[in-house]
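Worksheet: the structure to be examined is printed underneath.
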Amino acid sequence: MVIQKLILGIVQGVAEWLPISSEGLIVLVSTNFFSHNWEYQKLIEMALFLHLGTFLAALIYFRNDIQQLLTGLVHWSKTGKENQKTIVFLTTATIISGTVGFLLLRLVETSQQSMSLTGKGLNLLVGMLLLITGALQLKAGKKEGKKKTINLSLATGLVLGMVQGLATLPGLSRSGSTVSALLLLGFQKSLSLKLSFLLSMPIVLAGNILLNLNTINFSVDNLVALTASFAFGLLTINLLLKLAKKINFGLLVIIFGLLTISSLFI
């Protein structure tokens, strides 16, 4: 079990910075390569727990941006317009995505038996959502955005909150969906990537506090997984974020989705 959790931690640490759905990969690895057959809810709880590792990695990597935002929040009247717009955007999107994601998780949890979301059912769900993620990225990749931080608005926060909330489903990449949405709204790619990861941090922290607080088990194997997620996340974030700026992963994600669906018939 320790080796399995170690592998899941490594998967999370590397995949978080690429628009290929780390949650989807965790579900696929767990259901296809490991002996245990976790239910959908347990897999999502594990994926959310592993996000704490990459949350800490992002906290270190974006520490200057985060410090600037926190300072602006405390000294609101003295902070610049761009800082204020970023804070309003992140706050709005976090509230919306938290609400949508919570309701979506509860909906899936209550209907899990009728949906048969284990084994092949999970593979089919992940495969279909990967196709959606890939198609969205291919479309967004054609956009050359020019909008900057000053162009952020309340409406932008509402849209991104909905998108991130829907990305609770494994296979619908959170980073891929939010970056694509920002690109389709006309924002610069480098800014879209940074906003996407800043947006993920409060929801990961809040999700673990609200959804995982009573179920988190700090066993040796879970701590190994969390450490691996943090270590590999910190080691790969700079390289993979640069790679994500240069490469459109849409086609790769679509191929991955087709292979996942095809595996159901083998």
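The values are calculated or read from the model by the stated rules, or taken from the named source; none is laboratory data. No experiment lies behind these values; they were computed from the predicted model shown. Counting neighbours? That spans all protein chains shown, and the Cβs are built from the backbone with ideal geometry, glycine included.
Things to note:
- All positions within region 221-266 that are under 19 Å from S192 (Cα atoms) and outside any helix (DSSP H, G or I): I247, N248, F249
- Subset of region 134-162 [within 16 Å of T94 (Cβ to Cβ) and out of contact with any strand residue (DSSP E or B) (no Cβ under 9 Å at 6 or more places or on another chain)]: S153, L154, A155, G157, L158, V159, L160, G161, M162
- Counting only residues that are within 15 Å of the chain's Cα centre (by Cα) and in a helix (DSSP H, G or I), region 9-27 holds 12 of them.
- There is at least one residue in region 223-230 that is among the β-branched types (V, I, T), over 18 Å from the mean Cα position of the chain (by Cα) and more than 15 Å from G176 (Cα to Cα).
- Residues of region 153-196 satisfying the condition of being among the hydroxyl-bearing types (S, T, Y), farther than 21 Å from L69 by Cβ and either assigned to a helix (DSSP H, G or I) or without any contact (Cβ under 8 Å) to a residue 24 or more places away in the chain (or both): S177, S180
- Filtered residues of region 232-266 (kept if small (G, A, S) and surrounded by fewer than 16 Cβ atoms within 10 Å (Cβ to Cβ)): S262, S263
- For region 157-168, the criterion of being among the β-branched types (V, I, T) and under 13 Å from the mean Cα position of the chain (by Cα) is met by at least one residue.
- Residues (at pLDDT below 85, surrounded by fewer than 17 Cβ atoms within 10 Å (Cβ to Cβ) and at negative phi) located in region 119-138: K120, G121
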